[in-house]
1. Give me the residue from segment 23-57 that is β-branched (Val, Ile, Thr) and part of a loop (DSSP other than H, G, I, E, B) and, out of that set, surrounded by the most Cβ atoms within 10 Å (Cβ to Cβ).
2. Considering segment 69-85 alone, what residues qualify as being surrounded by 10 or more Cβ atoms within 10 Å (Cβ to Cβ) and either hydrophobic (A, V, I, L, M, F, W, C) or at pLDDT below 95 (or both)?
3. Let me spell it out: the conditions are (1) modelled with pLDDT under 95; (2) within 18 Å of Lys23 (Cβ to Cβ), and Glu109 meets all of them except one. Which number is the exception?
4. For residues in segment 1-22 being touching a helix residue (DSSP H, G or I) at 6+ places or on another chain (Cβ under 7 Å) and among the charged types (D, E, K, R), which is surrounded by the most Cβ atoms within 10 Å (Cβ to Cβ)?
5. Filter segment 58-92 for residues that are β-branched (Val, Ile, Thr) and assigned to a loop (DSSP other than H, G, I, E, B); which is nearest to the chain's Cα centre (by Cα)?
6. Which members of segment 35-61 meet the condition of being aromatic (Phe, Trp, Tyr) and closer than 18 Å to Lys23 by Cα?
7. Give the residue, chosen from Gly88, Gly66, Gly53, Gly97, that is touching a Ser or Thr at 6+ places or on another chain (Cβ under 8 Å) and modelled with pLDDT of 95 or more.
8. Would you pick out the residues in segment 5-19 that are in a helix (DSSP H, G or I) and either touching a Gly at 6+ places or on another chain (Cβ under 6 Å) or not aromatic (Phe, Trp, Tyr) (or both)?
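The values are calculated or read from the model by the stated rules, or taken from the named source; none is laboratory data. Here the structure is a predicted model, which means the values were calculated and not measured. We place every Cβ from the backbone using ideal geometry, glycine too, and count neighbours over all the protein chains shown.
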Amino acid sequence: MAERPRSTKICAKFQSAIDLLGKRWTPLIVQLLLKGPHRYSELYEALEVVTEGMLSQRLKELERSGVVERRVMDEQPVRVEYHLTSKGRALSRVISGLERWADEWMGGERTAAPVLRPGEQARRS
């Protein structure tokens, strides 16, 4: 795939981050993995409306970018889990910031518990 054109007036690193995190499903996958390792089927079930092909594509992109690690467990039957790397866990502040923004500015009710950083307590509405 050809590299996307970049603005010379905006930070290239920021543009790369937006290219990765701005894709549909990516922040939701990271949000789920911030809660702990998940198997593919658990991610698929939690996301409900994502296609298997799209989930697989997003996980591969996150793995290539060093955000997610795919671990094959030596068991019978073989089990595969997806974990965040330290680079992925560093997105906790970004995801929790989006959660707070959405809680304040987006309509509707919260349906899931927010991702909390170590030592942080949930706000009560």
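1. My answer is Val50.
2. Once the filter is applied, which keeps residues that are surrounded by 10 or more Cβ atoms within 10 Å (Cβ to Cβ) and either hydrophobic (A, V, I, L, M, F, W, C) or at pLDDT below 95 (or both), segment 69-85 yields Met73, Arg79, Val80, Leu84.
3. In the conditions (1) modelled with pLDDT under 95; (2) within 18 Å of Lys23 (Cβ to Cβ), Glu109 misses (2) alone.
4. For segment 1-22, the residue satisfying everything is Arg6.
5. Only one residue fits best here, namely Val67.
6. Listed by number, the list holds a single entry, Tyr44.
7. Step by step, each of Gly88, Gly66, Gly53, Gly97 is checked, and only Gly66 is touching a Ser or Thr at 6+ places or on another chain (Cβ under 8 Å) and modelled with pLDDT of 95 or more.
8. Answer for segment 5-19, where residues must be in a helix (DSSP H, G or I) and either touching a Gly at 6+ places or on another chain (Cβ under 6 Å) or not aromatic (Phe, Trp, Tyr) (or both): Ala12, Lys13, Gln15, Ser16, Ala17, Ile18, Asp19.
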